[in-house]
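Report on the following structure.
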Amino acid sequence: MYNKTIAELAQGLRSGEFSSVELTAAFLDRIKQHSGLNAYISVTEDLALQQAKAADARLANGDAELLTGIPIAQKDIFCTEGVKTTCGSLMLDNFIAPYNATVVEKFNHAGAVMLGKLNMDEFAMGSSNETSYYGAVKNPWNINTVPGGSSGGTAAAVAARLAVCATGTDTGGSIRQPAALCGITGLKPTYGRVSRYGMIAYASSLDQGGPMTRSAEDAAIMLQTMAGFDDKDSTSVDTQVPDYSAGLNNRLDGLKIGLPKEFFGEGLNSEVAATLETAIDEYRKLGAMVTEISMPTLKLAIPAYYVIAPAECSANLSRFDGVRFGYRCENPADLSDLYTRSRGEGFGKEVKRRILMGTYALSAGYYDAYYIKAQKIRRLISEDFKKALSEVDVIMGPVTPSTAFGIGEKIGNPIEMYLSDIYTIAINLAGVPAMSIPAGFAQGLPVGLQIIGNYFAEDRLLNIAHQYQQVTDWHQQAPTGF
Ligand code: GLN
């Protein structure tokens with residue numbers, strides 16, 4: 001039952017093989033059984049069973065959608081009315097949102113069942129899920145390694161079959177990187193494709209929500225529900241949402257794949273590189289033409305991102321002041337003490353580091369030297385992607401330089417941690433969509449292949465991922481014991 005796709009579960013619900021209440025109860029049991037992974041911050045058992053009951057009624061009435069009665073989970077960055085939304089921080093440990101994020105609203109409308117809220121790096125800042133106030137998440141493939149971040153709870157839960165599928169968000173790789181390290185499928189849509197309303201902001205010009213699933217087929221179904229214009233989000237784009245499942249079976253003959261040489265050079269683990277080569281060979285067999293390309297600005301992505309993202313985060317996180325909502329220190333002496341101690345105690349170390357870096361980069365004396373310079377680099381990177389994607393249909397490459405690293409291995413060295421985002425960050429700066437799909441194993445741990453497409457070409461990416469998943473079974477493999 002836990003290994004079934006959304007379509008198979010929908011079929012089971014309709015044929016009466018099981019009810020949504022039974023399915024939901026089975027997942028809730030599994031969540032309890034594997035609580036050691038620390039994938040969930042909150043398990044919303046009563047709400048889930050209530051939603052499952054309502055879904056069963058809808059199924060009986062014949063007005064159900066594909067996701068009706070399917071147990072899913074939300075990254076704890078999406079506001080959920082009446083349910084605690086922490087963003088992985090002590091700052092929001094007592095925050096109960098008064099409204100639902102648009103994405104949550106859409107899943108509710110589709111009749112999906114929410115099992116709970118998933119663990120994440122604090123305010124989505126991190127690449128290992130070790131910065132969460134609620135503790136590190138464990139990678140089900142090897143519990144001594146990280147699941148990746150910041151959507152680490154989502155990746156671990158989907159890989160360990162503790163939810164059929166779940167949401168993630170990606171500012172610089174937080175959907176793709178944990179998807180790669182946990183052996184699941186993750187899609188970061190084009191900036192503006194999925195509403196950010198009610199998704200707690202980290203770096204607003206980069207943040208984008210998307211699906212994390214076992215297969216591309218399931219990702220198409222999830223994205224169908226998530227995507228679309230939202231007048232509550234001024235950066236959401238008003239273009240038609242295609243039928244993401246319709247083109248999954250299109251053939252790939254003549255598909256032009258570009259491999260940037262900058263992606264395959266120094267720094268990429270050799271076993272990961274060999275695994276990716278085998279995956280790309282599979283695409284050749286499917287009829288694709290593979291050429292080497294060059295994207296010289298890729299190497300500038302990390303420095304540009306680590307100015308822009310902290311700059312935006314320092315502005316976004318100024319709202320957490322101990323006054324309006326969130327954590328407030330005990331017995332403040334005066335207003336200044338209230339601000340200082342509430343923020344000092346409420347935020348973790350990495351978040352404070354980002355606020356400091358961002359405030360510095362935005363300060364009067366350094367604005368031009370850092371922030372404006374980073375914005376100029378961002379433009380060059382976008383131009384590089386536009387040029388490359390006018391010559392090839394998609395770009396492929398690694399998602400991460402290595403497989404999952406050990407818990408504790410990089411947390412003391414921020415630069416090394418930031419370098420683990422080297423293959424994902426440029427995509428957010430350009431705003432294009434990209435996926436990570438399971439492409440094999442190295443040292444016994446999952447390897448992800450990244451597929452990057454043109455603006456709003458999510459349907460094409462899903463098609464390309466699905467075709468690979470028809471001739472390989474990496475995406476169906478489960479970690480031992482799960
Ligand atoms: N690891 C990157 C960071 O720490 C990306 C995080 C994300 O995509 N939310 O900023």
**Q.** Under 12 Å, Cβ to Cβ, from ARG58 - net charge with Lys/Arg +1 and Asp/Glu -1
**A.** -1
**Q.** MRE, 222 nm, helices only [DSSP H, n ≥ 4, -39500 (n - 2.57), over the chain, to nearest 500]
**A.** -11500 deg cm²/dmol
Q: Please report the Cα spread of the chain along all three principal axes, rounded to whole Å, starting with the longest.
A: 64, 53, 44
(Q) Can you work out the Karplus-derived ³J(HN,Hα) for every residue in region 82-87? Use 6.51 cos²θ - 1.76 cosθ + 1.60 with θ = phi - 60°, whole Hz, and x for glycine or proline. (A) x, 10, 3, 10, 9, 6
**Q.** Heavy-atom accessible area per residue - the chain, 1.4 Å, Å²
**A.** 37 Å²
Q. Between region 4-78 and region 142-183, what's the alpha-carbon centroid distance in Å?
A. 19 Å
Q) Mind checking which lysines have their C-alpha under 26 Å from LYS261, skipping anything on the same chain fewer than 8 residues away? A) LYS188, LYS285, LYS299, LYS373, LYS376, LYS386, LYS387
Q | Spin-label pair ALA54/ALA274, simplified geometry with 7 Å Cα→Cβ offset, distance in nm | A | 5.3 nm
Q: Give the Rg (one decimal place) followed by the Dmax (whole number) of region 218-369, computed from C-alpha coordinates and expressed in Å.
A: 23.5, 70
Q. Over the Cα atoms of region 1-54, Rg to Rh with Kirkwood Rh, two decimal places?
A. 1.00
**Q.** Distance between region 272-290 and region 376-439 - C-alpha centres, whole angstrom
**A.** 19 Å
**Q.** Of all accessible heavy-atom area on the chain, the percent that carbon and sulfur account for (1.4 Å)
**A.** 52 percent
**Q.** Per-selection metrics, region 1-145 (Cα): Rg and Dmax in Å
**A.** 15.8, 47
Q) Between LYS376 and GLU330, what FRET efficiency comes out of the Förster formula 1/(1 + (r/R0)^6) with R0 = 60 Å and r the beta carbon distance, rounded to 0.05? A) 0.85
Q: Just order 426-432, 257-263, 472-478 by mean Cβ neighbour count inside 10 Å, highest at the front, would you?
A: 426-432, 257-263, 472-478
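The values are calculated or read from the model by the stated rules, or taken from the named source; none is laboratory data. Not measured: the values here are computed from a predicted model. Note that each Cβ is placed from the backbone with ideal geometry, even for glycine, and that neighbours are counted across all protein chains shown. The area values use the complete protein model at the heavy-atom level, side chains included, leaving out ligands, DNA and RNA. Shrake-Rupley method; radii C 1.70, N 1.55, O 1.52, S 1.80 Å.
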